[in-house]
1. Looking at Gly323 and the list (1) at negative phi; (2) in contact (Cβ under 8 Å) with a residue 12 or more places away in the chain, which single condition is not satisfied?
2. Taking the condition of a type in the set (A, V, I, L, M, F, W, C) and within 25 Å of Ile158 (Cα to Cα), does Ala308 pass?
3. State all residues of region 92-106 that are surrounded by fewer than 22 Cβ atoms within 10 Å (Cβ to Cβ), touching a Ser or Thr at 6+ places or on another chain (Cβ under 7 Å) and closer than 20 Å to Ile42 by Cα; if no residue qualifies, say none.
4. Go through region 219-233 residue by residue and tally those that are over 14 Å from the mean Cα position of the chain (by Cα) and buried (at least 21 other Cβ atoms within 10 Å of the Cβ).
5. Scan region 193-204 for residues that are under 15 Å from Phe151 (Cβ atoms) and surrounded by fewer than 19 Cβ atoms within 10 Å (Cβ to Cβ) and jot them down.
6. Restricting the search to region 296-323, which residues are surrounded by fewer than 17 Cβ atoms within 10 Å (Cβ to Cβ), in a loop (DSSP other than H, G, I, E, B) and touching a helix residue (DSSP H, G or I) at 6+ places or on another chain (Cβ under 7 Å)?
7. Filter region 137-171 for residues that are of a type in the set (Val, Ile, Thr) and surrounded by fewer than 20 Cβ atoms within 10 Å (Cβ to Cβ) and give the result.
8. Being closer than 23 Å to Tyr329 by Cβ, modelled with pLDDT of 85 or more and out of contact with any Lys or Arg (no Cβ under 9 Å at 6 or more places or on another chain) narrows it down to one of Ser309, Ser284, so name that one.
Amino acid sequence: MPLKVFITTRPEQHIRNALEEYREHEQFHLHNIEDSIVEADIRLYLNFRLSESEVQRALRSHRPPFWQPTEGQKEKLVRISGKLFIVASTAVSFILDPKQLDPSRQVALLLDGISPTDFSGSKQTMIMDHVYLQIIKAARPDVIGNWVDQFRTLVGTIVLLHNPMPCKALARLIGVDVNDVLRTLANLYSILAPKGEKQVFRVHHKSFPDFITDPNRCPEFFVDATKHHMRIAKDCLHLMIRDLRPNLCDLTSDERYKDRTELHDRIQDCVSPHLDYACTYWASHLDAGLDDGIELDADVMLLLELFASRHLFTWMEALSIIGRVYTAYPSLDVTCRVVRLGSCATPQVDTMQGSVEELNTRNAQQPLVARALELFSDLRRLIHRCSDTIRLSPLNIYHSALRRCSTRTRHHIQTGPTLFVV
C-alpha cells in the first residue's frame, strides 16, 4: 500500500525551496481557492460558532434571551475574514470572551467604523492588522498608566520565547509579580490564552508575532524584537547569577559520583522552569539582541564578566541536571563572538556629550572583558574535550573536568566563588 503524507505549512521561502527539490509531490495553494468557496465555508463556520447553542455554551453564566448577531454583523465578519479562517476564529474568541460576558459590546468594538466593502480586494495583512489592533485597544484599561509598557514587556517576552512557559515561571524570569502578568493579559485571551493548570501562555497563530513586531503594521503597540531579545538575555543572566550555586541538588557524598540516570528521581525537580529556560536559551537571546551596528552596553558586558568569573561551572552543572549539555558549546561560541565584538567596538568621542567619561569607563573594563573571553573560550575547549564526562554526572564538572582546564582558568575557579570540594 503506497504511503501518502499530507503537509500544511506557511509559504515561507526556505520551505518552498525545500519542496522544489522533490518532484514527486503535489502542491495546492489556499489562495488559489475561489473566493466564493472560502466565503461559504467561513459563513458556515460563523453561523455555527455564533449560533444560540454555542453562545450559551461559551457564556454559561448568561441567562435568556441569548445574544445573537445580526445578519449585517455576520456579513461584516465574513468579509473581514477574507480567506483566513484564523481571522474568523480570533474574532469569535474575542466576541465570546467569557471574561467580558458582553458579546454585543465586543462585536461592536471589533466592527467599529467599517463597512462590508472596506476589505474587498485588500491584502490579508490589512485584515489581520485591523482585527488584532481592535482587540488590543479593547484590552487597554480606561486608566492606561504604564499598561502599554507592561504589555510590550509581557507580550514581547511571550512571542520571543523559544519555548512557552507557565505563568509563574514567566513572571519570575522577567522579574514581575504573577498577578501583574494575569492583570495585563486578562482581556487578550482571544490572542494569548493560558492553557492548563499551570497557565502556559501560547500564541494562537504566527500572524500575531508578525504583526506586533512590525513598526509599520503596529506603530502604537510595536514590540522591538531586537531590544526585547536583549532584555530577555539580561533577565536570564541576572537569574542565573542569582540562583545558580554548586551542588544545586544538595547531593550527599554517596550520590556525588553516580550517573545522572541513577539520580533521575532525585534531581528532576532541582532546577526550576525559569532557571531551566535561562540556562538553555540565554545565549540565543543575546545573539538575537545584537543588530547590525548595535554595540553591547556596559551592563551586558558586566553581567557576562560576572557570569564568566563566578558561574560557568555551576551553569554546566545545571545543564547536566536538565540533560542539555549539548547546548553549552554553541552558547559559548555565540558568547565568545559577542564579547569580541563588544571589546573591539570603539565609540565616537564627543566631549560635548560626555563621551570621554564613557570611553574611560570602557577602557577600565577592558581587563574584565579579556578575562571573561578567556574563561568562555577555555570552557568551550573543555566541553569539546569532555562533554560526555560532564553529561554523565552533574558534579563531574568539579573534578574530572576541572583538571583539563588551563592553569590560569583552573586557578581562577579554585580561588573563586564557584569552588566545590569533592
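The values are calculated or read from the model by the stated rules, or taken from the named source; none is laboratory data. All values reported here derive from a predicted model rather than from experimental measurement. Cβ sites come from the backbone with ideal geometry, for glycine too, and all protein chains shown count toward neighbours.
1. Only one criterion is unmet by Gly323, namely (1).
2. no
3. Matches in region 92-106: Ser93 only.
4. The qualifying residues number 0.
5. Kept after step one, since they are under 15 Å from Phe151 (Cβ atoms), are these residues of region 193-204: 201, 203.
Correct list: Val203 only.
6. Taking region 296-323 as the starting set, the residues that turn out to be surrounded by fewer than 17 Cβ atoms within 10 Å (Cβ to Cβ) are 297-299, 302, 306, 323.
Imposing the further condition that a residue be in a loop (DSSP other than H, G, I, E, B) reduces the set to 297, 323.
Result: no residue meets the conditions.
7. Those that are of a type in the set (Val, Ile, Thr) and surrounded by fewer than 20 Cβ atoms within 10 Å (Cβ to Cβ): Val143, Ile144, Val148.
8. Working: Ser309 fails: out of contact with any Lys or Arg (no Cβ under 9 Å at 6 or more places or on another chain).
None of the other options fit; the residue is Ser284.
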